[in-house]
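Have a look at the structure below before the remarks.
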Amino acid sequence: MAKHPPPGTGTWVVLPTYDEAENLPGIAAAILEKLPYATLLVVDDSSPDGTGELADDIASRDHHVRVRHRAGKQGLGRAYLDGFRVALEGGAESVVQMDADWSHDPAVLPALLEPIVAARADLVIGSRYVRGGHVLDWGIGRRLISRLGSQFARTVLGLRPHDLTGGFKAWRASTLAAIPFHGVHAGGYVFQIEMTHRASRAGARVTEVPITFRDRRVGRSKMSRRIIVEALLVVLRLRWDELRARRLRRRR
């Protein structure tokens, strides 16, 4: 039986940050404990609380950590796309995306990567809404928004994954590289839906592994009503664009 490479070999973990100084040291250490051979890329949007400078200090003491500084707050989706480009240019074989606020448990990282390492999947979603998945510390309103948002996108776009709004994912690098980043709607909530949609339409094998999602330990959630409305509108736009393209092909 072939042996798997050491945990994290060829993997880049993209970790966007904005005002995460209280969380960064602990989450960075926990990620590299689970994936000791991975490269951790912190993508900081000029955090006023000094997260970027703290990331530089961590990187100066650990060659597995790199930092991407960006000029001002530009949104979660843009941060991920920027980080993905850096990881792909750096020769990543797999790319993990996750939040820095402890809502995504680093202990799950090996399980998230295993289907890719075993060549069973091209995109793995850490799912709250499959058997074994859970959400803790959310009120009923937030739970409904998340579940209904995923169900809405799943129905409108005809996608199979149950958790389309979550941001804890592992990508095969070749799958990620095949997605054209230009034109991606990079709002945080809808970004997750659209990237899975694009991968699925390109023929990627998508699977889900159960996770326990916890509300952020420190700081405030960056979710807003505007982000939710944007997500619903973009999902409808994606479906409309598909239907329009289908009609154009039939006319030719």
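Readers should treat all values here as calculations from the given coordinates under stated rules, not as data from a laboratory. All figures in this text were calculated on a predicted structure; none of them were measured in a lab. Backbone-built Cβ (ideal geometry, glycine too); neighbour counts: all protein chains shown.
3J(HN,Hα) couplings calculated from phi for segment 110-120 with the Karplus curve 6.51 cos²θ - 1.76 cosθ + 1.60 (θ = phi - 60°) are, in sequence order, x, 5, 5, 7, 4, x, 6, 4, 7, 6, 9 Hz; Gly and Pro show x. Annotation: Cα Rg of segment 71-196 relative to the compact-globule expectation 2.2 N^0.38 Å equals 1.05. Annotation note: trypsin sites (Lys or Arg not before Pro) in segment 79-138 located in DSSP loop regions with a Cβ neighbour count of at most 11 within 10 Å are R120, R131. For R66, the amide hydrogen comes within under 5 Å of the amide hydrogens of L40, L41, V42, counting only partners 5 or more places away or on other chains and with H modelled in the peptide plane.
Between V135 and residues 5 or more places away or on another chain, which pairs have amide H atoms under 5 Å apart, with H built 1.01 Å from N, and which residues are they? Correct list: F213.
Can you tell me the mean projection area, over all orientations, of the convex hull of segment 1-100's alpha carbons? Units nm², please. One quarter of the hull surface, i.e. the mean projection, equals 6.3 nm².
Under 5 Å from the amide H of E208 lie the amide H atoms of I125, each residue being 5 or more positions distant or on a separate chain, with H modelled from the backbone and absent for Pro and chain starts.
Among the listed options (1) 60, 47, 37; (2) 44, 40, 30; (3) 80, 42, 32, the one matching Cα extents along the principal axes in Å as calculated from these coordinates is (1).
Within segment 1-60, the GluC sites (Glu not before Pro) that combine a DSSP coil assignment with at most 16 other C-beta atoms in a 10 angstrom radius are E22.
Taking θ as phi - 60° and the Karplus parameters 6.51, -1.76 and 1.60, the scalar couplings of segment 161-169 work out to x, 8, 10, 9, 9, x, x, 9, 9 Hz in sequence order, x denoting glycine and proline. Converting phi to 3J(HN,Hα) with the Karplus coefficients 6.51, -1.76 and 1.60 and the offset θ = phi - 60°, segment 196-209 yields 5, 4, 5, 5, 4, 5, 7, x, 5, 7, 10, 9, 10, 10 Hz in sequence order, with x at every glycine or proline. What's the angle, to the nearest 10 degrees (0 to 90), between helix 76-89's Cα axis and the longest principal axis of the chain? Between the helix axis and the principal axis of the chain, the angle is about 70 degrees.
Placing a pseudo-label 7 Å from each Cα along the Cα-to-Cβ vector at E242 and A202 gives an inter-label distance of 1.6 nm.
Full extension of the chain between L233 and K73 yields a length gain of 55.3 nm, computed as 0.36 nm times the residue separation minus the alpha carbon distance.
For segment 11-251, a crude dipole built from +1 on the beta carbon of Lys and Arg and -1 on the beta carbon of Asp and Glu, taken about the Cα centre, is about 1780 debye to the nearest 20. Farthest toward the positive end of the dipole of segment 11-251, out of L236, H134, P110, is the Cα of L236, where the dipole comes from beta carbon charges about the Cα centre. For helix 140-157, report the angle its Cα long axis makes with the longest principal axis of the Cα atoms of the chain; keep it between 0 and 90° and round to the nearest 10°. Helix 140-157 sits at roughly 50 degrees to that axis.
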